[in-house]
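The values are calculated or read from the model by the stated rules, or taken from the named source; none is laboratory data. Small disclaimer: the values here were computed from a predicted structure and weren't measured. Ideal geometry is used to build each Cβ from the backbone, glycine not excepted, and the neighbour counts take in all protein chains shown. SASA here: full protein model, heavy atoms, side chains in, ligands and nucleic acids out. Shrake-Rupley method; radii C 1.70, N 1.55, O 1.52, S 1.80 Å.
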Amino acid sequence: MKRLSYALVFLLITSLSTLTAQVTSPEDFFGFKPGADRQLFDYEKLIEYIRTVDRQSDRVKMVEIGESPMGKPMYLVLLSSEANISNIDRLKKINKELALNYNLSDETVNEYSEEGKVFVLATLSMHASEVGPAQASPLVIYKIATTKDPQLLSYLNDVVFMVVPSHNPDGMDLVVHNYWKWKGTKYEGTRYPGVYNKYVGHDNNRDFVTLSQSDTKAINRLYNEEWFPQVMVEKHQMGDRGVRYFVPPKHDPIAQNVDAELWTWDGVFGLNMQKDMTEKGLKGVAFGYAFDDYWPGSTETAHWKNMIAMLTEAASVKVATPVYIEDNELSVSGKGLSEYAKSANFPAPWEGGWWRLSDIVNYEITSTFSIIKTAALHKNELLELRNRLCKKEVKKGQELAPSYYIMPLKQHDTGELVRLVNLLKEHGIKVYKLSDDVSVDNRMYKKGDIVVPLAQPFRAFIKEIMEHQEFPVRHYTKGGPVIKPYDITSWSLPLHRGINVIELDERNEKLENTISVINDVYSVKSTVPEKYSYAVFPAESNDSYKAAFTALSEGLKVWRTTEGDDKISKGSFVIKKSPKLNNILDNIDIVPVFMPNDISISKKEIKMPRIALVETYMHDMDAGWTRFIFDNYGIKYTIVHPGEFENTDFIANYDVVIFPDNNKDVLKSGKYKSSNGTYSIPSYPPQYTKGIGDKGMDNLMKFFNDGGIILAWGRSAGLFTGDLKVPLNNKEKEEFVLPFNDISKSMNKSGLYCPGSFVSVTIKPGYELTLGMPEKIGVFYRGNPVFTTTVPEFDMDRRVIAKFAKEDILLSGYAEKLNLIANKSAVIWLKKNKGQMVLYSFSPQFRASTPVSYKLMFNGILLGKE
């Protein structure tokens, strides 16, 4: 009653300001009520509306937080009482103290818990085809800006609701504009043809460890560096034929490094959502279904940083077009629900019928205000929890192993060490370096070596991303089937980057007295000498390839060494001094060898190959990640869609054709093929579903036979199994079978299962493809393909470039019957006539998170003609 009385007094004051400034309603502004059938606004109109309300209401504050990959400004909207908005800087400071200061006294924590407010962060519609959350946001903002409800006003006195109205501005415009384009036609509601952002599509929710995309970085800064909210929720949509709405808690397995208290609070918020939504007659709300939380990478990676991090998922419509669902079409399967029926975690099933965008919007609004209510009712507890977790994690780091991760300065690829250090700092982790040599446990560590202590508030995250992963195996019943992972099972940053790291299990005073914190951007670069003639970039470093590709793109001459000596390794790049080279040096993280004269060892000039990068219109994420890597490394390319092969003169226009991982049937025919041999038609207009076809394959094989180079990885390698044909003239074709097989199907039948793990591969030295590579690396592998080679005939040849290890194959993650791939081929080189082909059983650039294997791709690009 005391809190409510305060709200009533507060209401009298705030009502006066409401009278003097009319807040524009969403319906008046957009010309329709958000959620109306077949009506959408785009990102620019959304921001224009929020900016209007920001001017009209003192309960709203709009803050620019970054830029999308396509250059659109991104915003955070702060929504709370007028008093909180005017005092926001003080409240922000309290948040940071509670999150990071493990020396706060109990008295100070109590004072901050009384004075502070719960900050709840909501990020909306990162998957741009899931339009509902972003379309609902103006209604939430308007309600908060104009409410006279004493109860809600009291909640707003205790909560600052932080909303990113579109986590993916680029995708919002692409999807909305595509909907407008086809509205009123038979293709209304069709999918956007391509990834719904610049590069990575749906995988933007897999980027919160690597932080490769600018929009990911913007959200990351909100909870790592600037605002430190106590609660966050990422709002999504899912398929249309299952439950109507998913709320926390999630299903097993869950992350073992995340503190138990955070998992219990997930349940508090989620069950309150289900209760409040059911009370309002919203049916079909389930918890503990389908979604697990053992892996970082999504926005909910905040869990590992002591935040209550949640996911909601609403059933979808056809973008904004209603769908009608028959009751016997409703179904569930997998984790948490086996029958679509009233259950403990699904107490009020939806019966079917029309499902509309307005339903999604209604569910979103109700769940949002439930979260705000729960946060307000538990304000002091949640603020105290934030600092308690901070102290608990620091104490774990002081008392539990490991105590430190040490990364020697001397690495196979120093540039990757530099980027890893700066990435850790970007995650809010304190990183140190040794200021002198020091001996610990009879091992000498050198001045400049990197030290990451675990006695830090974000200890759970440090441990999670620095150690090798062990999947938390759980079963549906004792001795029964394993609960399979939702996504990948390996994300170890040192392992994925090829960085040598040592764990120290006990704290060491001598070590701690010899470290100094790295405050600025970490670098190992030294001053470029004024007098030099050539710079030599070592083949071991990814940055050397970046320098070479960028130089070639800018018209500079680049040579590659064909032998090595004690200073310069074989395959290193040599570039002559020029102003353009100085600019390139500014954008890499390594120090080349500066030579006063030309080098004496042999070298050959290389050229930038003309690259055709194959990308389908069907949300081709691996191709998008490949484009991202190429753009960042200065590699020029042209996108060629499968349906364009028939009319593309590959011989005249390209030197290399690259097939990122994709379904071979989608590439060949533009359709998905099921296990029973039937095809399904993708939901795109027909111009976007054309496959390579027979004539397109003829063009490709003629290019290959006449000296072209083809690189293909993952499932795309399946295009080149079995019978192939190359046109000899207008009437004749030569039939051939390349000297390899993919035996993954038989392996899978024998029990091979690898959902996305890091496995050991042995690299064969002496080949152009393996220049700069160590003898053993890890690669990110998903269980297919598995190559075997055969003795070639006629004008064909083959070489095994890399093999899976004979033993100790699994480095990180989870797999079953992995011994089946022992000593099998992982990378093979094939030749026919003048052409060369390199097939990889894995994606060498997987989600821009596996730099350790990039060079296998780069060397393939630079193969050159035989």
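Counting the residues of segment 441-461 that are touching a helix residue (DSSP H, G or I) at 6+ places or on another chain (Cβ under 8 Å) and not aromatic (Phe, Trp, Tyr) gives 10. Looking only at segment 587-644, filter to residues that are in a loop (DSSP other than H, G, I, E, B) and of a type in the set (Lys, Arg); which one of those is nearest to ILE575 (Cα to Cα)? Only one residue fits best here, namely LYS607. Against the list (1) more than 25 Å from the chain's Cα centre (by Cα); (2) crowded, with 20+ Cβ neighbours inside 10 Å; (3) more than 11 Å from PHE740 (Cα to Cα), the condition ILE828 fails is (3). The residues in segment 716-738 that are part of a helix (DSSP H, G or I) and surrounded by fewer than 12 Cβ atoms within 10 Å (Cβ to Cβ) can be counted, and the count is 0. Residue count for segment 588-608, restricted to those that are touching a helix residue (DSSP H, G or I) at 6+ places or on another chain (Cβ under 9 Å) and modelled with pLDDT of 95 or more: 7.
From the list VAL258, VAL285, VAL233, VAL243, which residue is under 30 Å from GLU64 (Cα atoms), β-branched (Val, Ile, Thr) and touching a residue at least 12 places away in the same chain (Cβ under 8 Å)? Lay out the reasoning, then the answer.
Numbers: VAL258 fails: under 30 Å from GLU64 (Cα atoms); VAL285 fails: under 30 Å from GLU64 (Cα atoms); VAL243 fails: under 30 Å from GLU64 (Cα atoms).
Answer to the check: VAL233.
Counting the residues of segment 467-495 that are modelled with pLDDT of 95 or more and at positive phi gives 0. The set of residues in segment 636-659 that are under 26 Å from ALA848 (Cα atoms), of a type outside the set (D, E, K, R) and either open to solvent by 10 Å² or more (accessible area, probe 1.4 Å) or touching a Lys or Arg at 6+ places or on another chain (Cβ under 9 Å) (or both) comprises TYR637, THR638, ILE639, HIS641, PRO642, TYR654, VAL656. Only one entry of ARG474, ARG419, ARG443 meets the criterion of being of a type in the set (Lys, Arg) and within 29 Å of HIS236 (Cβ to Cβ), and that entry is ARG474.
Hey, does segment 67-80 have a residue that's polar (S, T, N, Q) and outside any loop (DSSP other than H, G, I, E, B)? No: segment 67-80 contains no residue that is polar (S, T, N, Q) and outside any loop (DSSP other than H, G, I, E, B).
Taking the criterion of being open to solvent by less than 30 Å² (accessible area, probe 1.4 Å), more than 26 Å from PRO755 (Cα to Cα) and part of a strand (DSSP E or B), would at least one residue in segment 692-714 satisfy it? Yes, segment 692-714 contains at least one residue that is open to solvent by less than 30 Å² (accessible area, probe 1.4 Å), more than 26 Å from PRO755 (Cα to Cα) and part of a strand (DSSP E or B).
Is it the case that segment 739-748 has a residue that's farther than 29 Å from GLY498 by Cβ, in a strand (DSSP E or B) and in contact with a Phe, Trp or Tyr (Cβ under 9 Å, 6 or more places away or on another chain)? Yes: one or more hits.
So that you can scan it fast, the table gives a plain yes or no per residue for (1) of a type in the set (Ser, Thr, Tyr); (2) surrounded by fewer than 21 Cβ atoms within 10 Å (Cβ to Cβ):
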site	(1), (2)
ARG419	no, yes
LYS430	no, yes
PRO453	no, no
PRO457	no, no
GLU470	no, yes
THR477	yes, yes
ILE483	no, yes
ASP487	no, yes
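Among the residues of segment 59-78, are any touching a residue at least 24 places away in the same chain (Cβ under 8 Å) and more than 26 Å from ASP173 (Cα to Cα)? Yes, segment 59-78 has at least one match. The residue that is farthest from PRO682 (Cα to Cα), among those in segment 167-213 that are part of a loop (DSSP other than H, G, I, E, B) and open to solvent by 40 Å² or more (accessible area, probe 1.4 Å), is LYS198.
Annotation: of all residues in segment 101-121 being of a type in the set (Phe, Trp, Tyr) and under 20 Å from VAL159 (Cα atoms), the one that is most open to solvent (accessible area, probe 1.4 Å) is TYR112. Yes or no: SER680 among the small types (Gly, Ala, Ser) and free of Cβ contacts under 8 Å to residues at least 24 places away in the same chain? Yes; evaluated as a whole, the condition is true for this residue. I need the full set of residues from segment 542-564 which are among the hydroxyl-bearing types (Ser, Thr, Tyr), open to solvent by 30 Å² or more (accessible area, probe 1.4 Å) and within 15 Å of GLU605 (Cβ to Cβ), in order please. If the condition is that a residue be among the hydroxyl-bearing types (Ser, Thr, Tyr), open to solvent by 30 Å² or more (accessible area, probe 1.4 Å) and within 15 Å of GLU605 (Cβ to Cβ), then THR562 is the only one that fits. Would it be correct to say that GLY415 is modelled with pLDDT of 95 or more, under 18 Å from LYS525 (Cα atoms), in contact with a strand residue (DSSP E or B) (Cβ under 8 Å, 6 or more places away or on another chain) and among the small types (Gly, Ala, Ser)? Judged against the criteria, GLY415 is not a match.
Please find, within segment 273-291, the residue that is farthest from THR366 (Cα to Cα) out of those that are among the aliphatic types (A, V, I, L, M) and open to solvent by 10 Å² or more (accessible area, probe 1.4 Å).
ALA290
Within segment 221-239, can one find any residue that is surrounded by fewer than 20 Cβ atoms within 10 Å (Cβ to Cβ), in a loop (DSSP other than H, G, I, E, B) and at pLDDT 95 or above? For segment 221-239, residues surrounded by fewer than 20 Cβ atoms within 10 Å (Cβ to Cβ), in a loop (DSSP other than H, G, I, E, B) and at pLDDT 95 or above: present. Can you name every residue in segment 761-809 that is among the small types (Gly, Ala, Ser) and part of a loop (DSSP other than H, G, I, E, B)? Selection gives GLY766, GLY772, GLY783, ALA805. Pairing residues of segment 418-434 that are closer than 12 Å to ILE450 by Cα with residues that are among the small types (Gly, Ala, Ser) and open to solvent by 10 Å² or more (accessible area, probe 1.4 Å), at Cβ distances under 9 Å and at least 6 apart in sequence or on separate chains, gives VAL418/SER523; ASN422/SER523; TYR432/SER516; LYS433/GLY448; LYS433/SER516; LEU434/GLY448; LEU434/SER516.
For segment 699-735, the tally of residues that are within 36 Å of the chain's Cα centre (by Cα), of a type outside the set (D, E, K, R) and over 17 Å from ASN833 (Cα atoms) stands at 9. Looking only at residues in segment 502-516 that are open to solvent by 60 Å² or more (accessible area, probe 1.4 Å) and within 35 Å of the chain's Cα centre (by Cα), the one that is nearest to LYS463 (Cα to Cα) is GLU503. Identify all residues within segment 237-258 that are closer than 15 Å to GLU130 by Cβ and not hydrophobic (A, V, I, L, M, F, W, C); write none if there are none. Hits for segment 237-258 are GLN237, GLY239, ASP240, GLY242, ARG244, TYR245. The helices (runs of 4 or more DSSP H) found entirely in segment 478-565 that carry 3 or more residues being in contact (Cβ under 8 Å) with a residue 40 or more places away in the chain and out of contact with any helix residue (DSSP H, G or I) (no Cβ under 8 Å at 6 or more places or on another chain) are 509-512, 542-553. It is to be established whether one or more residues within segment 76-93 are under 20 Å from ASN220 (Cα atoms), among the basic types (Lys, Arg) and open to solvent by 80 Å² or more (accessible area, probe 1.4 Å). Among the residues of segment 76-93, at least one is under 20 Å from ASN220 (Cα atoms), among the basic types (Lys, Arg) and open to solvent by 80 Å² or more (accessible area, probe 1.4 Å), which makes the answer yes. Restricting attention to segment 21-65, the residues being closer than 17 Å to SER166 by Cα, small (Gly, Ala, Ser) and open to solvent by 20 Å² or more (accessible area, probe 1.4 Å) number 0. Hey, any hits in segment 850-860 for a residue that's open to solvent by 10 Å² or more (accessible area, probe 1.4 Å) and among the charged types (D, E, K, R)? Checked segment 850-860: no residue is open to solvent by 10 Å² or more (accessible area, probe 1.4 Å) and among the charged types (D, E, K, R).
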